[in-house]
Structures are given as C-alpha cells and as structure tokens.
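Asker: One structure, as structure tokens, below. Some questions next.
Values quoted throughout were computed directly from the atomic coordinates according to the rules given, and no laboratory measurement underlies them. Since the model is a prediction, treat every value here as computed from it, not as a measurement. Methodologically, a virtual Cβ is constructed for each residue, glycine included, from the backbone with ideal geometry; neighbour enumeration extends over all protein chains shown.
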Amino acid sequence: MTIRFGPAGLGLAKKGLKACEIAFTYGVYIKNDSDALRIGKKARELDIELSVHAPYWVNLNSEEKAKREATKQRILDSCRVGELLGAKVVVFHPGYYGKDKDKAYETIREGIVELMKEIKAKGWKIKIAPETMGKINVFGSVEEISKLVQETGCSFCIDFAHVLARDKEVDYSRIEKAFPQKEWHCHFSGIVYGEKGEKHHITTPLEKWKELLAHLPRDRGIRIINESPSMIEDCAEGLAILKSLATPR
Ligand SMILES: [Zn+2]
C-alpha cells in the first residue's frame, strides 16, 4: 500500500508530502505551457504526484446547452494544462440535480462520455474524476459516482469530508465496495455540516485523521489531498499519525 499526502494548492516539497492538487478552482491560472512543463518536471524530480482541480463554475447538467458546453470546455482546458503538468487526474464537481434526478444522472454520464472521447482523440493520458459532493441537493453521492465509474470507465475523487457531511457517517466498507479500483484519489479535511450537508471545511481534528487512516484499505495506491484552511500543517499531521499507526486496523 502507498498513501501519498498533499495539499490542495501548489505546496512545498517538505515534510514528506508526495502529492499536490493544483487548484484551478477560480480559473486555469497557469497560462504558459512552458510553466506547466517546468512545474511538472520539478514535481517528478521530487516524486510528487500532481492532480488538478477544475474550476468551480461547472455544471454538466445545466438546462442550457451553452452552459453545458462551457462546462466541458473548462474541464478540457484543465485537462490540457494537467496533461502538460503530467497530472494524474482532473477532479471536478459534476453538477446539480435540476428537476429530475434520474435525468440528471443520464445527462452527466453523457457529458463524461463526450469528455473522455475528446481526451482520447487528443491522445492525452490524464483522467477525469467526478467528486463525491457534500450537499444533499447536489449530484454526487457515493452510489452516483461509483455508477459513473462503472458505466464510463472515468476516474473518481472520494471526498471523505463530503461523504460525512452528506450521509452523516462514513461507511468505509460500503465505500470500499463501491470503488474496487486499485488507485484512489481522495480529498480529506475536517468539516462543519448540517441537515443539508456541507457548510465549510476546517482543520482536521486528530480523531478524524486516526479514523480515516485506520479504515483506508491497505491494498490500494491512495492520494490524499487535504483541503483544510491549514492544509500543509494538516497533511504533516496526517503523515505523522500514519507513521505512528504501527498495526493499522
Ligand atoms: Zn472539489
């Protein structure tokens, strides 16, 4: 088993952090291809696996075709730069339910299939990874993301904080069954939530780190991206706890 920890945001190659998610959450900010190539090369030298988070302003289930197309373009722009970076995955928020939950699934699946076709046509290796979402009225339950993966072959991002906020508990064995794949891309942090789900991310409480690290399956390659407000310190704490867990489970 390998677990790589890293911050959401271009972090520092210190304290043993071996993963990093470049957050294009408010736009694809790496404008020059040469910069992307240079960052990618540096990351490989430091043995840091990169990932990318696509902009927040996306919805593969918008009722307006123009907005669905703009969503795909934003995800593809993220993929293009991600490919130059040598990133493994582009994480994105799939969309909203709109009026009809079942139709939302179909529309989002169709969007993913089209995106994967484009990626293949360009000869890119990068994978797209819809994320489990933390609000009950937003598309992205464990079951929905798992079904998308099964039906399209796309990748995925398990956000454990979102699962907790949405389901009010994290059923690790259910998640393990829903995602039998060997490689897991995960988000993790503390979270404040209510009846409707996620409110905001917070620094991870010690016991939450212990719970996660004790329950993660031992036979996968796992990247854990920390999205708490103090992400670098938080990751370092997670890593220290992992090292101290002599006999996990
Ligand atoms: Zn996200």
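Asker: For the chain, what's the relative contact order in percent, using C-alpha pairs closer than 8 Å and at least 6 residues apart?
Answerer: Relative contact order of the chain: 19 percent.
Asker: Continuing with the same structure: Sticking with the crude label model, points 7 Å out along Cα→Cβ, report the distance from Lys42 to Ser230 in nm, one decimal please.
Answerer: Going by the 7 Å Cα→Cβ label model, 2.6 nm.
Asker: I'd like the distance separating the alpha-carbon centroids of region 73-109 and region 152-176, in whole Å.
Answerer: When both Cα centres are located, 17 Å separates them.
Asker: Also, quick follow-up: Pull out the extension gain between Ser244 and Lys117, defined as 0.36 nm times the separation in residues minus the alpha carbon to alpha carbon distance; nm, one decimal.
Answerer: Gain on extension, Ser244 to Lys117, equals 41.3 nm.
Asker: To the nearest 20 debye, what charge dipole does the chain have about its Cα centre, counting +1 at the Cβ of each Lys and Arg and -1 at the Cβ of each Asp and Glu?
Answerer: So the dipole magnitude of the chain works out to roughly 580 debye.
Asker: Please list, by residue number, every one of the GluC sites (Glu not before Pro) in region 105-198 that is coil in DSSP and has at most 15 other beta-carbon atoms within 10 Å.
Answerer: Sites meeting the loop and neighbour criteria: Glu169, Glu195.
Asker: Given only helices, namely DSSP H runs of n ≥ 4 each adding -39500 (n - 2.57), what is the per-residue ellipticity at 222 nm of the chain, to the nearest 500 deg cm²/dmol?
Answerer: Computed mean residue ellipticity for the chain: -13500 deg cm²/dmol.
Asker: Which FRET efficiency, nearest 0.05, do Lys101 and Asp77 yield, Cβ-Cβ r, R0 30 Å?
Answerer: 0.55
Asker: Report the full-extension gain for the segment Asp35 to Lys210: residue separation times 0.36 nm, less the Cα-Cα distance, to one decimal in nm.
Answerer: Length gained, Asp35 through Lys210: 59.3 nm.
Asker: So for Tyr193, Tyr56, fewest C-beta neighbours within 10 Å to most, what's the order?
Answerer: By the 10 Å Cβ count, ascending: Tyr56, Tyr193.
Asker: Under 25 °C and 0.890 mPa s, how fast does the chain diffuse according to Stokes-Einstein, given a Kirkwood radius computed over C-alpha pairs? Answer in µm²/s, whole number.
Answerer: Value of D from the Cα-based Kirkwood radius: 135 µm²/s.
Asker: For Met133, Met116, which order do you get if you count the other beta carbons within 10 Å of each Cβ and list the fewest first?
Answerer: Met116, Met133
Asker: Let me ask something else about it. Which whole-number percentage describes the relative contact order of region 31-133, with Cα contacts under 8 Å and a sequence gap of 6 or more?
Answerer: Relative contact order for region 31-133 comes out at 31 percent.
Asker: What is the packing order of peptides 159-167, 222-230, taking the mean over residues of other C-beta atoms within 10 Å and listing the highest first?
Answerer: Final packing ranking: 159-167, 222-230.
Asker: A further question follows. Going by amide H atoms built from the backbone, whose H comes under 5 Å of the H on Ala19, apart from near neighbours?
Answerer: Here Phe5, Gly6, Glu49 satisfy the definition.
Asker: Related question: Relative to a virtual label point 7 Å from the Cα of Glu63 in the Cα→beta-carbon direction, which members of region 104-123 show backbone nitrogen distances below 14 Å?
Answerer: Under cut-off, by backbone N: 104.
Asker: Given the convex hull of the Cα atoms of region 105-159, what is a quarter of its surface area in nm²?
Answerer: Spelled out: convex hull of the Cα atoms, projected over all directions, averaged, 3.7 nm².
Asker: Using a Förster radius of 25 Å, what is the FRET efficiency between Val192 and Glu143 based on their Cβ-Cβ separation? Nearest 0.05, please.
Answerer: 0.55
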